[in-house]
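Participant: Let me give you the structure first, and then I'll get to my questions.
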Amino acid sequence: MKNRKPIVETHALAIGYRSSGTVRTVAEDLNLQLRPGSLVCLLGSNGAGKSTLMRTLSGLQPALAGEIRIDERPLQTLKPVELAQKLSLVLTDRIDAGNLNAREVVALGRTPYTDWLGSLTRDDHSKIAQSIEQTGIAPLLDRHMHQLSDGERQKVMLARALAQDTPLILLDEPTAHLDLPNRVEMMRLLHTLARDTRKAILLSTHELDLALQTADELWLMHPNGTIMTGLPEDLVLNGAFEATFARSGFAFDRATGTFTIHQPKNNAQIYLEGPDKPLFWARRALQREGYGISRYRDVDCVVRVSEAENGFMAEIIFQNQLFKVASVQALIEQMRVFFVSNGEF
Ligand SMILES: Nc1ncnc2c1ncn2[C@@H]1O[C@H](COP(=O)(O)OP(=O)(O)OP(=O)(O)O)[C@@H](O)[C@H]1O
């Protein structure tokens, strides 16, 4: 992987804002590399600096210090049309597309390649058709941009970036306005694109779970202005992922790759065993109720879950007695009987 030449490379890059003599550094000493064929997700808390980095890499705002090289050339030496042939940018901000319809906006993606009259060649038309198909926006083409929902508009903007057909695509929160199936679809599309067309794709997102599943590499922006990069799995296992999102009140479970929202409210500990599916949902419901899930069997209560015709059943062993329940709700109610009457809640 490392022997592919990076399409973007930064050396000692500092990003941030200058205004009336004061400098606000958001992040510094960034040495980043983005390689063809990779989908990289940029993650960080609100205000960490994701948009600032995106805008700086795409030349929309100047770096405070250091260097950005795009395809081995310093960013500031690229003429606008050269930059537009190397890099496309999809922003989340509400765009002002005037009175253009979706078809015209997608066609604008070909501007860096057309003559001064803007005439489209057969190749341009084929790139446009391909990007429309990939993003599934055919039903929207004749509608004006201001008549589209946020999510629909976001897909049109992605189609425009795909029509621009650059080796590098930067997307600032491309899933922000999408519903779950469309978010999954978008991430899958971007992943496939990176793989099949050898594009380098960098996207910022708050979708930690989707990023963990789809990214070839994560860039984790820490509030202290540093960025850790690596394979998602390595960043989870070495604790960097957790450190980036550390907050009191919820914790990242490295074993399951999920955040534990509910902290145990009491000393009641339950040991769960059984097949993955019923185990997963029983654990989730018990944690929501504030029970601690133990890794050891020698606790107050052992629950053996299994799959049944209606989806779920469980045997509970509490104080050497056996109880049977046929739903997660019944399991929770039984727990209340045990632990509330025991004074543990
Ligand atoms: N124009 C500006 N001038 C000065 N500071 C700014 C400006 N825009 C943003 N900032 C500050 O820079 C920091 C990084 O902001 P940025 O928008 O890059 O964060 P982000 O990671 O994209 O956040 P979010 O997840 O909330 O979108 C924040 O502290 C923000 O207040």
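Participant: Would you be able to tell me the number of residues in the stretch 267-304 that are loosely packed, with under 14 Cβ neighbours inside 10 Å and in contact (Cβ under 8 Å) with a residue 60 or more places away in the chain?
Facilitator: 1
Participant: Select from the stretch 168-204 the residues that are more than 16 Å from the ligand (Cβ to nearest atom) and at pLDDT 95 or above and write down the one among them that is surrounded by the fewest Cβ atoms within 10 Å (Cβ to Cβ).
Facilitator: Residue satisfying both the conditions and the ranking: L168.
Participant: Quick one: would you say A107 is of a type in the set (G, A, S), assigned to a loop (DSSP other than H, G, I, E, B) and crowded, with 19+ Cβ neighbours inside 10 Å?
Facilitator: Here the answer is no, as A107 does not meet what is asked.
Participant: Go through (1) outside any helix (DSSP H, G or I); (2) among the polar types (S, T, N, Q); (3) away from the ligand (no atom under 16 Å from the Cβ) for Q134 and report which single condition fails.
Facilitator: Going through the list (1) outside any helix (DSSP H, G or I); (2) among the polar types (S, T, N, Q); (3) away from the ligand (no atom under 16 Å from the Cβ), Q134 breaks only (1).
Participant: Being of a type outside the set (A, V, I, L, M) and at negative phi is the filter; apply it to the stretch 8-20 and report the residue that is nearest to the ligand (Cβ to nearest atom).
Facilitator: If we take residues in the stretch 8-20 being of a type outside the set (A, V, I, L, M) and at negative phi, then Y17 is nearest to the ligand (Cβ to nearest atom).
Participant: Output the number of the condition that F252 fails; it satisfies all remaining conditions of (1) surrounded by fewer than 18 Cβ atoms within 10 Å (Cβ to Cβ); (2) at pLDDT below 85; (3) not aliphatic (A, V, I, L, M).
Facilitator: It fails just one condition, (1).
Participant: What's the number of the only condition in (1) more than 21 Å from N182 (Cα to Cα); (2) of a type outside the set (F, W, Y); (3) surrounded by 15 or more Cβ atoms within 10 Å (Cβ to Cβ) that K79 fails to meet?
Facilitator: Exception for K79: condition (3).
Participant: Could you tell me whether L162 is in contact with a Leu (Cβ under 6 Å, 6 or more places away or on another chain) and either over 28 Å from F245 (Cα atoms) or at pLDDT 95 or above (or both)?
Facilitator: The answer is no for L162.
Participant: Within the stretch 67-122, how many residues turn out to be within 19 Å of L57 (Cα to Cα) and of a type in the set (D, E)?
Facilitator: Residues that pass the stated criteria total 5.
Participant: Also, I was wondering about something else. Would you pick out the residues in the stretch 285-315 that are basic (K, R) and at pLDDT 90 or above?
Facilitator: Answer for the stretch 285-315, where residues must be basic (K, R) and at pLDDT 90 or above: just R304.
Participant: Also, quick follow-up: Does H191 satisfy being touching a strand residue (DSSP E or B) at 6+ places or on another chain (Cβ under 9 Å) and assigned to a helix (DSSP H, G or I)?
Facilitator: In short, yes.
Participant: Starting from residues that are near the ligand (Cβ under 7 Å from one of its atoms) and in a strand (DSSP E or B), keep the ones in the stretch 21-52 and report whichever is surrounded by the fewest Cβ atoms within 10 Å (Cβ to Cβ).
Facilitator: My answer is R24.
Participant: Scan the stretch 322-333 and give yes if some residue there is among the aromatic types (F, W, Y), more than 34 Å from the chain's Cα centre (by Cα), over 30 Å from G47 (Cβ atoms) and at pLDDT 95 or above, otherwise no.
Facilitator: Yes - at least one qualifying residue is present in the stretch 322-333.
Participant: Could we say that K5 is out of contact with any strand residue (DSSP E or B) (no Cβ under 7 Å at 6 or more places or on another chain) and either more than 16 Å from the ligand (Cβ to nearest atom) or within 13 Å of G225 (Cα to Cα) (or both) here?
Facilitator: Yes.
The values are calculated or read from the model by the stated rules, or taken from the named source; none is laboratory data. Note that the coordinates shown come from a computational prediction; the quantities given were computed from them, not determined experimentally. Heads up, the Cβs are rebuilt from the backbone with ideal geometry, glycines too, and the neighbour counts pull from every protein chain shown.
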